[in-house]
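J.: Please see the structure below; I have some questions.
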Amino acid sequence: MYKLCTICMRKGSKGVKNKNLRIINNKPLMQYTIDQAIKSKIFNEIIVSSDCNKILKLANKLGIKTSFVRPKMLAGDKVGKLDVIRNALIMSEKYFNKKFDIIFDLDVTSPLRKISDIKNAYQIFLSNKLKILLTGSVAKKSPYFNQIELFEEKIKLVKNKKDKIVRRQDSPKVYDMNASIYIWQRDALLLSKTLFNKHTGIYVMPEERSIDIDSELDFRIVEHLLKTNK
């Protein structure tokens with residue numbers, strides 16, 4: 001089976017300015033994910049997709065042999081990442097002149113993942129004969145117990161059950177998607193309109209490896225964890 005790994009990075013970012021290139025614990029943020037992809041030795045090809053020349057040049061220096069310039073229509077901050085990954089797959093298949101059976105995406109904003117997380121997620125994907133796999137961690141808050149929404153000027157629980165739940169521990173188990181690792185069968189990536197169906201599975205990661213850098217606070221927390229090697 002041919003396996004492709006995509007690492008997608010765009011130029012602009014609102015939460016943390018230029019976060020993909022920003023130095024965290026003496027390395028550019030993007031280097032953590034690139035190193036993990038290379039050292040996992042899982043992939044036939046690893047490619048970077050970006051609209052930023054600085055990112056593309058640095059990716060090459062860090063060991064990525066093949067990068068693609070993202071089309072302008074896929075470079076805006078309102079573009080869904082799924083469309084970007086599909087485009088990266090199509091461009092990769094044209095460039096390498098082969099079809100990839102399995103596609104991974106590793107998000108640069110999740111540098112705390114381990115190589116073992118990538119390998120273990122892949123094993124779950126294979127052993128359960130999944131078409132899609134995503135990663136997440138056990139949620140601190142539950143929509144059945146202590147998550148609320150404002151609906152028609154009234155506050156209510158996000159989810160209601162007939163049986164009243166008085167302890168969070170009695171709520172149905174829910175997970176936070178951590179955007180760390182995604183895996184697809186080729187047809188599922190190209191044809192599915194959603195991530196969620198009966199053929200989707202989850203690889204559960206611990207909270208301390210599930211921080212997705214989306215704000216300056218996230219950045220400082222991850223930087224502290226990397227510096228203290230925890």
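J.: So, of the residues in the stretch 108-119 that are crowded, with 21+ Cβ neighbours inside 10 Å and touching a Ser or Thr at 6+ places or on another chain (Cβ under 6 Å), which turns out to be nearest to D83 (Cα to Cα)?
T.: Filtering the stretch 108-119 for residues that are crowded, with 21+ Cβ neighbours inside 10 Å and touching a Ser or Thr at 6+ places or on another chain (Cβ under 6 Å), the one nearest to D83 (Cα to Cα) comes out as V108.
J.: Considering only residues that are free of Cβ contacts under 8 Å to residues at least 60 places away in the same chain and in a strand (DSSP E or B), look in the stretch 175-207 and name the one that is farthest from C5 (Cα to Cα).
T.: The residue in question is Y175.
J.: Where in the stretch 1-106 are the strands (runs of 3 or more DSSP E), entirely inside, with at least 3 residues that are touching a residue at least 40 places away in the same chain (Cβ under 8 Å) and loosely packed, with under 14 Cβ neighbours inside 10 Å?
T.: Fully inside the stretch 1-106 and qualifying: nothing.
J.: Still on this structure: For the structure I just gave you, tell me whether S210 is in the same structural domain as S110 (by TED's automatic domain parsing), hydroxyl-bearing (S, T, Y) and more than 15 Å from the chain's Cα centre (by Cα).
T.: no
J.: While we're here: May I ask you to list the residues in the stretch 71-123 that are under 21 Å from V204 (Cβ atoms) and among the aromatic types (F, W, Y)?
T.: Of everything in the stretch 71-123, those that are under 21 Å from V204 (Cβ atoms) and among the aromatic types (F, W, Y) turn out to be F104, Y122.
The values are calculated or read from the model by the stated rules, or taken from the named source; none is laboratory data. It should be emphasised that the depicted structure is a prediction, and the values quoted were computed from it without experimental measurement. We place every Cβ from the backbone using ideal geometry, glycine too, and count neighbours over all the protein chains shown.
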